[in-house]
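Enquirer: Shown below is the structure under consideration.
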Amino acid sequence: MVPTRYGSFNQAIACNGFFEGANIGAYGIADNRAFNYGVLGITPQFSSEPCLTIGTPVVTDYGVYGIATPLPQPSLSSSFAGFFAGDVHITGALSFGSDRKLKEDIQSESATLDQIMQLQPKTYTYKTDGEMAELNLARGLQHGFIAQELEEVFPELIGKARQQIGLDATADLSTQGDVLPQIEYKTVNYVALIPILTQGMQEQQRGIEARDLRIQSMEEELAAQRILIAELRGEMKKMAVGERENEELLPQLYQNRPNPFGGTTEIGYFLPASVRSASLYVYDMQGQQILETRLEERGESSYTLDASRLGAGMYLYALIADGVEVEVKRMIITADK
């Protein structure tokens, strides 16, 4: 059996019913202008020290070792292997027992994003006057939660601590009295928030990925609709071109230019080669035919009309092709010829 060795061993035991005093196993005070150590613990190093054993021993070293037996009713009492009234600094890594063999009833984290959204982060400063001065609370602006608010969402993260106050480090311990006042307050397990926040981030990421898939699907659908619209536009354009081509196969009458006019004007028209006979007629506003001109040219052409043949006024002109009226348009002749 590997023995346990103590460089210094102090034990304080008090058990006389409901004892409310302070039991101190080791009490150290350091007061100097240089480095001060109330308790200094150093583990041996592998060198030429007397503690070195022959061979390659398996060693576990503890500079300071504290044991706190779990209490049967943690809601009524508290037990800490280490309690520090003030800031704690480490230069190495801070680790926690998390091996699977240490655990049972393992379940996936069930915290939801809705629960996380109920958290109320705060900034604050700790009280440093009165009896709170003995707690040596952190100075400056702090970021965190209020235990009572966090308890409404995650009560399992809330603990309880009690600290005696009024202990005079410079006085004889025997004069301290049996009973010292205590301050009781709630604590927060901030480390346990890490898996909760991780679960929330994963849930949020899944929501983002699902949203991105919906957006991608909508974009693909929109692209397909745009292609369909472009195809429809192409078909409509082809239809329009076909209609224009069909129109070009039919006789057409254009508006005379200029209009109104006082000298001459050009009356444009189109006659397909298939038209056997065509004439241009001019009527007054009472419907009386005033002029008839036979059109011999086919294709795009025009007829020049002299205003002196009609006189000032408003007239109608029409194109008749193969006995069918193609179209009727209006023209105006001014008095100034």
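Enquirer: Where does each of PHE154, PHE84 land when they are ordered by accessible area, with a 1.4 Å probe and the largest first?
Expert: Of PHE154, PHE84, the descending order of accessible area is PHE84, PHE154.
Enquirer: For region 85-160, run through the chymotrypsin sites (Phe, Trp or Tyr not before Pro) and keep only the ones in DSSP coil with at most 16 other Cβ atoms within 10 Å of their Cβ.
Expert: Within region 85-160, the qualifying chymotrypsin sites (Phe, Trp or Tyr not before Pro) (loop, at most 16 other Cβ atoms within 10 Å) are PHE96, TYR126.
Enquirer: Step through the residues of region 108-117 one at a time and calculate ³J(HN,Hα) from phi using the Karplus curve (6.51 cos²θ - 1.76 cosθ + 1.60, θ = phi - 60°), rounding each to whole Hz and writing x for Gly and Pro.
Expert: 5, 4, 9, 4, 10, 5, 4, 5, 4, 5
Enquirer: While we're on this one: Counting only the heavy atoms of the protein chains, how much of ARG294 is accessible to a 1.4 Å probe, in Å² to the nearest 10?
Expert: 140
Enquirer: Just to check I understand the Karplus step: with θ = phi - 60° and J = 6.51 cos²θ - 1.76 cosθ + 1.60, what whole-Hz values come out for region 288-297, glycine and proline as x?
Expert: 7, 6, 10, 9, 9, 10, 7, 9, 9, 6
Enquirer: Obtain the nm distance between the two label points defined at VAL324 and SER79 by a simple spin-label model: each point lies 7 Å from its Cα along the Cα-to-C-beta direction.
Expert: With each label placed 7 Å out from Cα toward Cβ, I get 11.1 nm.
Enquirer: Mind listing the long-range amide H neighbours of VAL188? Cut-off is under 5 Å, sequence gap 5 or more, other chains count too, H placed in the peptide plane at 1.01 Å from N.
Expert: Amide H to amide H, under 5 Å and 5 or more residues apart or across chains, VAL188 pairs with GLY159.
Enquirer: Sticking with this one: Can you send over the solvent-accessible area of LYS127, 1.4 Å probe, protein chains only, in Å² to the nearest 10?
Expert: Taking all protein chains as shown, LYS127 has close to 130 Å².
Enquirer: What is the extension gain from SER98 to ALA224, computed as 0.36 nm multiplied by their sequence separation minus the C-alpha to C-alpha distance, in nm to one decimal?
Expert: Going from the current span to full extension adds 40.1 nm.
Enquirer: Moving to a separate point now. May I ask you to compute the full-extension gain from LEU316 to LEU250, defined as 0.36 nm times their residue separation minus their alpha-carbon distance, rounded to one decimal in nm?
Expert: 21.6 nm
Enquirer: Also: Under 5 Å between amide H atoms, partner at least 5 residues away or on a different chain: which partners does ILE290 have, H built in plane at 1.01 Å?
Expert: Hits under the 5 Å cutoff: VAL282, TYR283, ASP284.
Enquirer: Continuing with the same structure: Return the sequence-ordered ³J(HN,Hα) values of region 217-231 in whole Hz as given by the Karplus equation 6.51 cos²θ - 1.76 cosθ + 1.60 applied to θ = phi - 60°, using x for Gly and Pro.
Expert: Working through the residues one at a time gives 5, 5, 5, 5, 5, 5, 4, 5, 5, 5, 4, 4, 4, 4, 5 Hz.
The values are calculated or read from the model by the stated rules, or taken from the named source; none is laboratory data. These figures come from a predicted structure and were not determined experimentally. Every residue, glycine among them, receives a Cβ derived from its backbone with ideal geometry; neighbour counts consider all protein chains shown. These accessible areas exclude ligands, DNA and RNA; they are computed on the full protein's heavy atoms, side chains included. Shrake-Rupley method; radii C 1.70, N 1.55, O 1.52, S 1.80 Å.
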